[in-house]
Each structure stands twice: as structure tokens, then as C-alpha cells.
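Chemist: What follows is a single structure, and I will ask about it in a moment.
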Amino acid sequence: MAQEIKSLVVKSQENVAGSVGNWTDITDRMPNIIRTMVTGKMDEENAHLVSAALTGMPSVFARAILFKDALDKSGASSKEGLYEFYANLIDEWRGIISAIAIDPDRISRKRVYLEYSAADDTSMHNVFEPKGAFGSALMEKKWLWVDSSLIEGEQRPFIDVLFLDKNLIGAASPESLFFTGVDYKVAHEGPYIDLKSGKFQDPLKASLTKEDVESLHFFVNQLKENWSKLEEKLRSGVKDRFTVAIDYLDAPLQTFLDDIEAYAASKSYDLAKRPLSIDTFEAPFDIVFNHSVLLGGGSQPMSSTSSAAGTASGSAPGAAQSSGAYNPADLLLPEGSEIL
Amino acid sequence: MASNDTKNFVIAIGGTGMRCLESFVHLCAAGMFDNKEIEVLTIDTDQENGNKNRVENLVQNYIRIKSEHQKNDGGNPNVKTFFSAKINLYRFWTDYQEQSYKTLSKLSAGSNDTRQENKWLSDLLLEEDTVQSFDLGHGYRAQTHLGSHLMHHSILHAARNLAAGKTDSPAEKDLGKFLDKLGAESADSRVFVFGSVFGGTGASSIPVLPNALKEAYSIMVQGKSLDLDKVKFGSTLLTEYFSFKKPTAADKSTTENSVIADSAFFALNSQAALQFYYTDPTVKKRYSRFYHIGWPSETQNVDSNKDSNKVITGGSSQKNKCHVLELMCASAAFDFFNLPTSELDTQKARYLMRSVPHDGAYTFRGSDFVGPKDGDEMEHKLSAFLAFCHIALAINKGADGQPGVKGFNQRLQKQNITAYAGLTDEDMSQIDLYLRSFAYRINPSNQELEHGWLYQIRQSVGSGTMMFNSSAFPTSIKDLDQVDIGSIMKEEGNQWSEKGLFGGESPSKTFDKFVERLVDGGTVDPSQKVTTTKEKFIAHICNALLKSQNFQ
């Protein structure tokens, strides 16, 4: 009878047979081992506890990394363990994107530089101070969290934290576009909020107006069309330190777009292009998140610009209004209006 | 093979890391790391942790055994003998003194803007009511996202105190000495890290350690830097292999205890951690090799070791039994330290695993741990060391607290081997103590046989086998009288039992034969580099036992 062999690896559905008596290289098989790990299924009652307890990711940026991983693995067939949790994160990711698309005026952003507040005197600062300590915790990834359009000596790691009204809800991320905070709770009503938990939810699970769907469709389409510009910018910052690829964003964005279109069809909404005006973000995120559709007024001939990618990066909020430009979307009559 | 100039460093982190170190030290005692000097750093958040105290006591006793009487300098590396590696111990632990993340971070300090920004960042990434608030005294409680940040900066904090010359902390001073060694040897140094990826302190620290040490060295020795392209790091990626009682609401009823590690989440923690270790650019850049070691069988519940029903978050009560996977981790270090340098000259981490025979149960042989080339040697050396244990503990009653090695030495003197008459009672009692931790002792409070390391390792394979004949592992005090040191190994060619009057094995005759062999041969050779009386005594026993087993 042939001798049975067991591999001393984590419980996984991946059949990882090796030979006895030596260390077998499994570098290329690790993704499958990890993906098919036997972790048991979360029961619904414990789902939020699991998310709280899911702290095995040994980085203070675990929350951001989990969103990246969730998007990267969104096409995986496994729905157990971490993958079940990933599905929840994608719901939240869709929710925060929807909040920005549907209620851009309620969203604000604050850039926090990840440096010690007493940076000039390194012997005096508290090494545990989050601003500085979280910055040093980025290590090699620091180069993803800077504005690479600046010269290298001036590149400072930062994080753009986001608020809905005055609630801290999450942040922008070079690897997942957005991620939500670990502990936020929003009381504000909206199709992207699960009122029971106060967490973001996939708005397509709620009731959306035709205007909401059009805004969302426009914004998600914009993200899909422009993520590669962000990737290009990240690569210029990271250089050859490690490989940067965020092309995994394309599939979940496309799926989101498809789902939005299916939702619209189910509601018999005939989707019209509803350009948004978002100028909340600075470089490097402006190239993918911001959008201005401005008509010049005053003494200039009326003209329109329609752009994501950079047109607003140098302009302070409100600058467009002061020159007399305005968003044509503001001229649209509310749905249900009648022209007499 | 690695060159002779390679300097070896071991870092053990957290409870599981300490138990891996325990296995590593026992392999050193058996002579598996011949002629090496190994710098060992233990790191924990919990100075009182039972696993940590156990292994530190073990290492300190090892160092005493290696040292000349009352010198305690750890002696010198030797060759082809027991205790052949020289071990230097450094201990670093964080001292959070009832602090939480919130108090440690001083979230209420600084300008309004600074306070606000620090709070935003904290609330964005760490749960306020739990993770930011629990008492850090007993470690990171499986909150590795918090732990990695705190351990990284605790090391930097210590380095800054050292640079400023304002520390009285023995932990910080030890870290400084370890960094000095690492900095001095960085031309061809290898650092192997023991820790789990599913728990708290070890899981938190493995990813940040290379960078934290580099940054700390630069702070401590201004103007100098550790060249991490030359210092090679390897580590275990040890996933869950034990479980414990689920914490109840009552266990978590106070803010300080609001977070308690729950082994039900260990598998998820492992999955998240492995995902991180496979994709994070810093980890992949800093480590040359990861040895993934997991347990595909039923996990061991460690609550059976404990008296209390309360979940133990740490402290002196946290003292788990040893497991065969910890020996596999120690064997991973053996592999890492013996690799040719060219194998480690890579810019990309490699991930490795081990397969073992399993015919309904595990049947471990030496080759399953260290490969066929070294496996035979491992079996012979462990077998010889176990025989030494039986001689001192069973035949000469050392298990019962009596001076077993001394009793054996007296027997040698009766046989006119008087070279070791100068050994002090203290010298010999240190060896007794070590042998008890390796094999067994009789618990004076209940007069039961209490298992040491090798017995616990064997127990962890259940109905399987662990290198040697089952008769090599007496299970009751009564059996100790019948232990036969000549029939430990499986292969007949390595057995040397003497027959009694009726043809059966005679343990006492085997022992007498062994003493004769000590008289006739087994004397030490200059190539063994042993100089002190104690080293010669130990080498003489080792030589005679290996010769008895026909080990060349």
C-alpha cells in the first residue's frame, strides 16, 4: 500500500502535496491555499463581531488593506470566511461611493499629513502619536500615499479623511479609491445608509429615484474610466520599489455599473447623462474623483467643459463660482416639475 | 552550507514564539547546532507570561551549564557534543503599565488641530470603545492591527531612550545589546523569527520587526545603519493549531478586558494574516523565506491544562503544552541557518511547507524535520540525549528530585573514572534540572510523572509515533525502573540492549555495559573544542552514547 502523505499546512481545500523530507516551495500556490482555507461560515448574528474580531491583518492600515483585498478578490467563487466578509465590505464601498455621487454637497474632506506634530524635534515627540506613527507604519507603501507630482523631497504621506455632514465616515485610498472607517455610524437618512446599523449599504438594495440612479451611474462610470490614470500616477511615485497594479478595480466597477443599469431597467428609468460637479478632492485623487461641468458666464461666450481628471486640481473650492461659471445640472428642474 | 562566518540570531515573540524557541533550545542541547554561537532575543508584551518565563529559565539554565563554575558567560561553542551551541540571551518586553492605546498615544495632547487629527486617524482605523481602550498589560489580545503599530514604536521608544542614555530598564538595555550585536555582524547575518500568525504579539510583530530593528539601530547608533540587504530574515508562518475556551460576556465585562482573544476567530485571523504576508511589499522585501507550518488535523484544546474556568489572557498562568509543530518551526530555523548564502540572495520572499507521512496517524522520523541527510543525525542525537535523561532521572532517581547526575558521576568514580570528581553539586544539579525539563520529573505534590518537552511533543501526535520506540517513553513512575536506554531507537542496528538470564532485555545490564563503554572509550577529542571539566564530562557521555548506537 502506498504511503499516505500529509502536508503540514493550514486547513485548506487546495491539495498541496509535497515530497517527504524537504521543504517544498509553495510560493505560487499560496493564493489558492489562502483562498480556499477552511474557516467555517459566519452566522448572521456574529457577522459584525467577526468584522470586529477580524484583526489578523498585522498593520494599523488593516481596514484599508481589507477593502483593497475585497475588491481584488471580488470575482472569487469562495464565499466563506474572509470572502464572506469581503462581500460586506463591497456593499459598504458601494455605499460610500453612492453618498459622494448622490449627496456631494454633504461630503467634506480633510487632508491629514502622516507626520509627527513635533517633526522638527524628533527627540521630543511622542513616538506613539498616531499622525507620525501611522506614517512610519506605511513603510514601503509610503510611496502610494503621497502626491507623486511633487518632487520627491516634498512628498509627504497623507490620508484624506472623509465626512458625511460632520460624521467621520472613511477615507480616500490609492488602492481601493475609498474605504470606510472601522467604527463610524451615520444617522443621516439616505438610500446608501442602513438605518438600523448606521453603516453604508449597497444603495441598489434600497429605493433610488431616477436622479439618484443617474448621478450614481455617472460617477461610477467616471471612476471606471479614470482609475487607470490614478494607477499611472501611483506608479510614478513608487518607481521600481514594488509593482503597482490597481486594475482589479475595473471588474467591481463594471459590475456596479451593470447592476445600476439593471436596477434602472427594473424601475423603467430611462437613464439620462447627469453630469456631477465634484471638486472635493486634491491630487492625486482629483484625476479620478473630481468632475466639473461648468458653463462660463459673464462677458465670456457661454461654453461648457466636461471633465474628470485634473481640471479642478489647482482650483480652490468656490473658485469656479466666483468667476461666474456654474454647473448646468443646477439649472435642471426637479423631477416631476411641469412646464406650464 | 552556510559559511562558518555566518552569524545567527533568533527572535522569539509572544507565547507561541516562546514555545518554538523551547524546541530550538532543546535541539541545541541535543547538539544539532554544533559550533554555533546564537544570539537569542525574546520579545513579549507580558513579562509575566508563563511560556516566556519557562523558556527564559530554560535558556538561562542552558547558559549556566555551558559556563565554567560561577562564570555564567555561556562558555564556548563546541563540536559533536551535547549543549554544543553557545547561546546568548537578551530579553525585551514592553512595559505598558496598565496603559491603553488611548493613554499611550496621548490623544489629548497637542494643539486643537493635532488632537483632532489624531482622533480622526484613531477612530478611522481602531475601534474606540474596545481596541483603543483595553488594558495592554497582557498583550495585544489578537488585535494585530493595533499590535503591529505598538510593537514597532515600542522598539523605537526604547532605542530613543538608549540614545539619550536615560534608561534604567533592563529590557531596553538588553535590546540595545542585541542591536549592537546585529549591527556589528551585519555583513553576513541571519535572523530567524519564531511566532504565530494567528495570535497577538507574535502575529503583530513579525511584519514590522526588520524595519523596526533597522530604524531603532539608526536612532541608537546615530550615523550608522543596518544594511537589510545583507542581514537575511526568515520566519515561521505558523497558523492555528490549538484552541481554548470561548470568552463569555462575563469575561469581557470590563473596559480593560473588553477585548479577549477568541480562538474561534483564529482561522479567520490566519487567513487575513496569510493574505497580508503574501501581498505586502515591505514583508516580501524584508524576508527571504517564510516557512508556512499548519496543522491540518484536529486542533488541541489547551484548556485541559488549566484549573480555572476563566479565559486566560496572559500572565504566569499562560503556559501551554508543547506541540510537534513547534519542533517543526525549530527545524525550519535549522534549515535557514544551514542554507548556502546563494539561496538567500533573492529580492523576493519564498514560501515553503513540509509534507510528512501519515498512515492513519503521524509517523514522524528525523528526516521529516531536517531532511534525510541530517535526519539520521537528529534521531541519534535526540535518542542519546533521551538516554542521558533516563540515566540521570530514572536510573539515578533524578526525576524524584534526587541528584541524578551526581549519582551517575559517583558510579563513574567507582569505575575509576575520576576525571570529573571536581564537578560541584551545583554544576550537576543544573544538568539535572535541564534533563527534567527535556524529559520528565516526578511532581512532588502529587507524586505523578510530569511530562517534559519531548514527552509533550510525542503526546501531541496522538496515536502516531515520534521517532523512537514507545518503550523509550515510560508513562508511570513504576515504568521508570524498567527503562532500557539501549532500545530507544527503532532500528535494530542502533539498539544495544543487553540480555538478561532468561533472554529478555535487561535494563540494568545495559546500563552497566554503558558504564564499561565510558571506561573503555568515548574520551573526548580535541576537535570537539571542549576545555572545562563540565564540557568534557558532557562530551564523554555523548560520545559513549553515540558510539553505543553505532552512530558514526
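Coordinate-derived values only; no laboratory data. In this text, all values refer to a predicted model and were calculated from it rather than measured experimentally. Cβ sites come from the backbone with ideal geometry, for glycine too, and all protein chains shown count toward neighbours.
Chemist: Taking Cα pairs under 8 Å and at least six residues apart, what relative contact order does chain B come out at, in percent?
Modeler: Relative contact order for chain B comes out at 15 percent.
Chemist: Check the straight Cα-Cα distances from B:LYS106 and name the lysines below 16 Å, setting aside those fewer than 8 residues away within the same chain.
Modeler: By straight Cα distance, B:LYS106 reaches A:LYS131, B:LYS119.
Chemist: Whole-Hz ³J(HN,Hα) for each residue in segment A:98-112, computed from phi via Karplus 6.51 cos²θ - 1.76 cosθ + 1.60 with θ = phi - 60°, x for glycine and proline: what do you get?
Modeler: Each residue's phi maps through the Karplus curve to give 5, 4, 5, 6, 8, 10, x, 6, 8, 9, 10, 9, 9, 8, 10 Hz.
Chemist: In nm, what is the difference between 0.36 nm times the number of residues separating B:GLN347 and B:ASN416 and their Cα-Cα distance? Don't skip to the end; give the middle numbers.
Modeler: On the way: separation 69, 0.36 × 69 = 24.84 nm, distance 5.96 nm.
Length gained, B:GLN347 through B:ASN416: 18.9 nm.
Chemist: Ranked from highest to lowest mean number of other Cβ atoms within 10 Å per residue, what is the order of the peptides B:533-541, B:38-46?
Modeler: B:38-46, B:533-541
Chemist: Give the long-range amide H neighbours of B:LEU41: residues separated by 5 or more places, or on another chain, with amide H under 5 Å away, using H modelled in the peptide plane at 1.01 Å from N.
Modeler: B:VAL10, B:ILE11, B:ALA12, B:TYR90
Chemist: With r defined as the distance between the Cβ atoms of B:GLN70 and B:ASN35 and R0 fixed at 22 Å, what FRET efficiency is calculated, to the nearest 0.05?
Modeler: 0.30
Chemist: If packing is taken as the average number of other Cβ atoms within 10 Å across a peptide's residues, how do B:335-347, B:364-376 rank, most packed first?
Modeler: Values: B:335-347: 15.3, B:364-376: 19.5.
Those peptides, ordered most packed to least, come out B:364-376, B:335-347.
Chemist: Enumerate the calculated ³J(HN,Hα) couplings along segment B:157-162 in order (Karplus 6.51 cos²θ - 1.76 cosθ + 1.60, θ = phi - 60°), each rounded to whole Hz, writing x wherever the residue is Gly or Pro.
Modeler: Values, residue by residue: 4, 5, 4, 5, 4, 5 Hz.
Chemist: Another question, then. For B:GLU450, what residues show an amide H to amide H distance below 5 Å, using hydrogens built from the backbone and excluding near sequence neighbours?
Modeler: B:ARG441, B:ILE442, B:ASN443
Chemist: Further question on the same structure: Residues of B:139-150, mean number of Cβ from any other protein chain within 10 Å of their own Cβ, rounded to a whole number?
Modeler: Going residue by residue through B:139-150 and averaging, the value is 5.
Chemist: Next up: Separation between the A:LYS110 and B:GLN99 pseudo-spin-labels, each 7 Å from Cα along Cα→Cβ, expressed in nm?
Modeler: 2.5
Chemist: Compute the helix-to-body angle for B:425-438: its Cα long axis versus the longest principal axis of chain B, expressed 0 to 90° and rounded to tens.
Modeler: With both axes taken from Cα atoms, the answer is about 70 degrees.
Chemist: Which lysines, if any, have their Cα less than 18 Å from the Cα of B:LYS86, not counting same-chain residues under 8 positions apart?
Modeler: B:LYS7, B:LYS36, B:LYS66, B:LYS71, B:LYS177, B:LYS181, B:LYS381, B:LYS529, B:LYS534, B:LYS536
Chemist: Output ³J(HN,Hα) for segment A:158-175: one whole-Hz value per residue in order, computed from phi by the Karplus curve 6.51 cos²θ - 1.76 cosθ + 1.60 with θ = phi - 60°, and x for Gly and Pro.
Modeler: My calculation for segment A:158-175 gives 8, 9, 8, 8, 10, 10, 10, 6, 10, 8, 5, 10, x, 7, 7, 9, x, 9 Hz in order.
Chemist: OK, next. A 31 angstrom limit on the alpha carbon distance is what I want to check against. Which of A:LYS199/B:LYS52; A:LYS205/A:LYS273; A:LYS110/B:LYS224; A:LYS79/A:LYS273 exceed it? List each step's numbers first, then the result.
Modeler: Values: A:LYS199/B:LYS52 42 Å; A:LYS205/A:LYS273 22 Å; A:LYS110/B:LYS224 38 Å; A:LYS79/A:LYS273 35 Å.
Checking Cα-Cα distances, A:LYS199/B:LYS52; A:LYS110/B:LYS224; A:LYS79/A:LYS273 exceed 31 Å.
Chemist: Next question, about the same structure. What's the angle, to the nearest 10 degrees (0 to 90), between helix B:404-414's Cα axis and the longest principal axis of chain B?
Modeler: Rounded to the nearest ten degrees, it is 30.
Chemist: Still on this structure, I have one more. Calculate the mean, over all residues of peptide B:285-296, of how many other protein chain Cβ atoms lie within 10 angstrom of the residue's Cβ. Mind showing how you got there, number by number?
Modeler: Values: counts 4, 2, 0, 0, 2, 3, 2, 9, 3, 8, 5, 9.
Per residue, the average neighbour count from other chains is 4.
Chemist: How crowded by other chains is A:78-89, given as the mean number of beta carbons from other chains within 10 Å of each beta carbon?
Modeler: 2
Chemist: Moving to a separate point now. Among the lysines, select those whose C-alpha is under 19 Å from the C-alpha of A:LYS233, and discard any that sit fewer than 8 residues away in the same chain.
Modeler: A:LYS68, A:LYS141, A:LYS142, A:LYS224
Chemist: Return the percentage of antiparallel bridges among DSSP beta bridges fully within the protein assembly as shown, rounded to the nearest 5 %. Working shown, then result.
Modeler: Details: 37 of 76 bridges.
Antiparallel: roughly 50 percent of the beta bridges in the protein assembly as shown.
Chemist: Out of all DSSP beta bridges in chain B, what portion is antiparallel? Express it as a percent rounded to 5.
Modeler: 15
Chemist: Lone cysteines in chain B, defined as no other cysteine's Cβ under 4.7 Å from theirs: which are they?
Modeler: Unpaired cysteines in chain B: B:CYS28, B:CYS322, B:CYS389, B:CYS542.
Chemist: If R0 is 51 Å, what FRET efficiency do you get for A:GLU261 and B:SER476 from their C-beta distance, rounded to 0.05?
Modeler: 0.10
Chemist: So how far apart, in nm, are the two label points at A:ALA118 and B:GLN552 if each is 7 Å from Cα heading toward Cβ?
Modeler: It is 6.9 nm.
Chemist: Could you pull out every residue, at least 5 positions away or on a different chain, whose amide H is within less than 5 Å of the one on A:LYS6? Hs are placed 1.01 Å off N in the peptide plane, and Pro or chain starts have none.
Modeler: The list, which skips near neighbours in sequence, is B:VAL356, B:HIS358.
Chemist: While we're on this one: What FRET efficiency, computed as 1/(1 + (r/R0)^6) with R0 = 60 Å and r the Cβ-Cβ distance, is obtained for B:SER527 and B:ASP129, rounded to the nearest 0.05?
Modeler: The pair B:SER527/B:ASP129 has a calculated efficiency of 0.40.
Chemist: If you don't mind, another one. Ranked from highest to lowest mean number of other Cβ atoms within 10 Å per residue, what is the order of the peptides B:423-430, B:6-13?
Modeler: Listed from highest to lowest mean packing, they are B:6-13, B:423-430.
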